[in-house]
Structure formats: structure tokens, C-alpha cells
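Coordinate-derived values only; no laboratory data. Worth saying up front: this structure is predicted, and the values here are computed from it rather than measured. Here the Cβ positions follow ideal geometry from the backbone for every residue, glycine too, while neighbour counts run over all protein chains shown.
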Amino acid sequence: MGGEVMVLAVRKYRETDHERVMHLHIEGLRQHNASIGDPSMDKDMQNILTTYIDNDGDFLVGIHDSMIVCMGAYRKRDYLTAEVKRIRVDSAYQRRGYGQDILTALEKSAKQKGYGRIILDTTIKN
């Protein structure tokens, strides 16, 4: 294990990823006790292409050993600002830098689309 590098491939979301992405989304909310109801009702997660990809944003997945182990997205907030959303890492793959890898890929994508500012949205349950 010593110097083993864990390779993560990052690519754009495909509709065939939906079931796995929803699993990561729900697992992430439960892990942080952040669910505010039924996560399957989150409109953005039911319309990923429309909400993110087709709306000057992006939705990326990270793959390790042919399995989606992390995800993240951003959407257009205004002409200058991208809002980062839905960063999730499978609990079995945490502490390997995959969350940072997804964030870095999102930042790169947002910069390529001309955004000059990125903000992060988090779920907080009181």
C-alpha cells in the first residue's frame, strides 16, 4: 500500500449514471445528517442535464475501478459566478483526495466557461 496511487478518472455525467449518482447523493446527506426531507425529490437531481449541463454549468463524476465513487456540479448563478453544488464521495473512498479532485475539475471547467468567481453551497440542518 505504501506509495500506491489511487487513480481517479473524471468525466461529464451521463444519463445512465443517474441511479449511482442518486445513491451517492442520498448517502452523502445521510452521512452528514443533512437531509431535510425526501432527497429523491430534489428537483435539480431529477433534472441534472437541464439544471446543470444545459444551463452553462457542469456535472462531473469520478470513476475508480469502473465505479462512480464521487461527483460534483456547478450551475450558473450569474454571468460572472458559478455555484458549486452536490459534491459527494462514497464513504468507502473518502480520505483519498477525490473530493478535492472533483472540486479542481469543476473549477477548471468553470474557468473554461468564463466564470470569474465560484461560490460553494452547503446543506445545513439546524
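At full extension, Glu107 and Asn55 could sit 17.1 nm farther apart than now, given 0.36 nm per residue minus the alpha carbon distance.
The calculated FRET efficiency for the pair Arg96 and Arg30, based on their C-beta separation and a Förster distance of 22 Å, comes to about 0.60.
Could you calculate the contour length gain from Arg117 to Tyr79, that is, 0.36 nm times the residue separation minus the distance between their Cα atoms, to one decimal place in nm? Show your work: numbers first, answer last.
On the way: separation 38, 0.36 × 38 = 13.68 nm, distance 0.96 nm.
So the chain would gain 12.7 nm between Arg117 and Tyr79.
Computed from the Cα positions only, the extents of segment 58-111 along the three principal axes stand at 36, 18, 14 Å, in decreasing order.
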